[in-house]
1. Considering only residues that are open to solvent by less than 40 Å² (accessible area, probe 1.4 Å) and free of Cβ contacts under 8 Å to residues at least 40 places away in the same chain, which ones fall in region 226-241?
2. For residues in region 126-135 being without any contact (Cβ under 8 Å) to a residue 24 or more places away in the chain and assigned to a helix (DSSP H, G or I), which is most open to solvent (accessible area, probe 1.4 Å)?
3. Thr123: in contact with a Lys or Arg (Cβ under 6 Å, 6 or more places away or on another chain) and either β-branched (Val, Ile, Thr) or open to solvent by 10 Å² or more (accessible area, probe 1.4 Å) (or both), yes or no?
4. Restricted to region 208-236, and to residues that are touching a strand residue (DSSP E or B) at 6+ places or on another chain (Cβ under 9 Å) and not β-branched (Val, Ile, Thr), which residue is nearest to Thr137 (Cα to Cα)?
5. Which ones in region 167-200 are under 13 Å from Gly212 (Cβ atoms), open to solvent by 10 Å² or more (accessible area, probe 1.4 Å) and not in a loop (DSSP other than H, G, I, E, B)?
6. Search region 179-236 for residues being of a type in the set (S, T, N, Q) and under 15 Å from Ala148 (Cβ atoms), and hand back the single one that is farthest from the chain's Cα centre (by Cα).
7. Which of the residues that make up region 146-166 are outside any helix (DSSP H, G or I) and either under 12 Å from Ile209 (Cα atoms) or open to solvent by less than 20 Å² (accessible area, probe 1.4 Å) (or both)?
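The values are calculated or read from the model by the stated rules, or taken from the named source; none is laboratory data. Predicted model only: the values in this text are computed from it and were never measured. Here Cβ is always computed from backbone atoms with ideal geometry, including for glycine, and neighbour counts include all displayed protein chains. Accessible surface is based on the protein model in full, side chains and every heavy atom, while ligands, DNA and RNA are left aside. Shrake-Rupley method; radii C 1.70, N 1.55, O 1.52, S 1.80 Å.
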Amino acid sequence: MLQHMFNYEPSYSEPSVTMRIVAMGKRNTIITILHHSVLVLGIAAITALGIMFIKPELTDDFQAISPFFKEELADTAAAIPTSLATISTDTAAAEATAHDTEAVTSPEEARLLGNAKQQKSVTSWLSKRYHVSNDATNMLVSEAYLTAKDIKLDPLLILSVMAIESGLNPFAESPVGAQGLMQVMSKVHQEKFEDLGGLKAALNPVANIRVGAQILKEYVVRGGSVEAGLKLYVGAALSDSDGGYGNRVLAEYNRLKDVANGKAVPTINSINAPVTATAKSDVIKVNDKRAEPEHLAAI
């Protein structure tokens, strides 16, 4: 009797206890299913990352099915009018157009655009000479060729100035404020960046190449020759000498021309460093006032 009175073991015949046991069983089942689902999703995500790392070409396929990436892409596209992504687009366009140079009616345009083989040779040579990845160099060379075609200027001249000015470093900046691949004095030529995102685009490779090439073309036209244009570009308009800048650019131009023509040109010589820091850091006196060379060149 006493044993029966103090027996706290539940009686499984009671309905309330049975329902509690069933409810607990269902809860445990749901938790187990959720746990396994999260585990499977985690493994799938890690697998996807591994596949994208091994085969980057599949990245776009994974991004296409991701709603998060689509929203981020739309925001990015609206916020950045001219970005590094533009280089990839321009590169593809340049390569496609280079294969069709025979269809270009103007011989001058065909010469300025070059062909795929020439661009590939120039890209490979510059990549080795300035220790820049081949893919990055290819983007810069393609943009230079496209810009040259638009403004009717020799692309090898643009690349020569780019090489001597910055060594193909898109983030180069001199003590006097010359910026980017073409070492453009962005504050002096502020208006030229207005349609490309403003002054903040000065270090954007696409914007810098386009603005720098435009300035170079204007100076060549104003000076009446490439040599005079280079003297204006380096900011030596009122000096007797450009400090050897023009000779260095033209020497690089001749090397690139030989490379484009299929000749074997060494990638190493005794002069292989940018001159921007010294050439554009000189300060010239005008009427007892001090002025930066690039300001003088813009007069």
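1. Scanning region 226-241 gives Ala228, Gly229.
2. Within region 126-135, the subset without any contact (Cβ under 8 Å) to a residue 24 or more places away in the chain is 127, 131, 133-135.
Next, from what is left, pick out any that are assigned to a helix (DSSP H, G or I): 127, 134-135.
Numbers: Ser127: 16, Asn134: 80, Asp135: 113 Å².
Here the residue is Asp135.
3. Working: in contact with a Lys or Arg (Cβ under 6 Å, 6 or more places away or on another chain): no; either β-branched (Val, Ile, Thr) or open to solvent by 10 Å² or more (accessible area, probe 1.4 Å) (or both): yes.
So Thr123 fails the test.
4. Checked region 208-236; the qualifying residue nearest to Thr137 (Cα to Cα) is Asn208.
5. Result: Gln179, Met185, Lys192, Leu196.
6. Going through the qualifying residues, I end up with Gln214.
7. Of all residues in region 146-166, those outside any helix (DSSP H, G or I) come to 152-154.
Passing the criteria: only Leu153.
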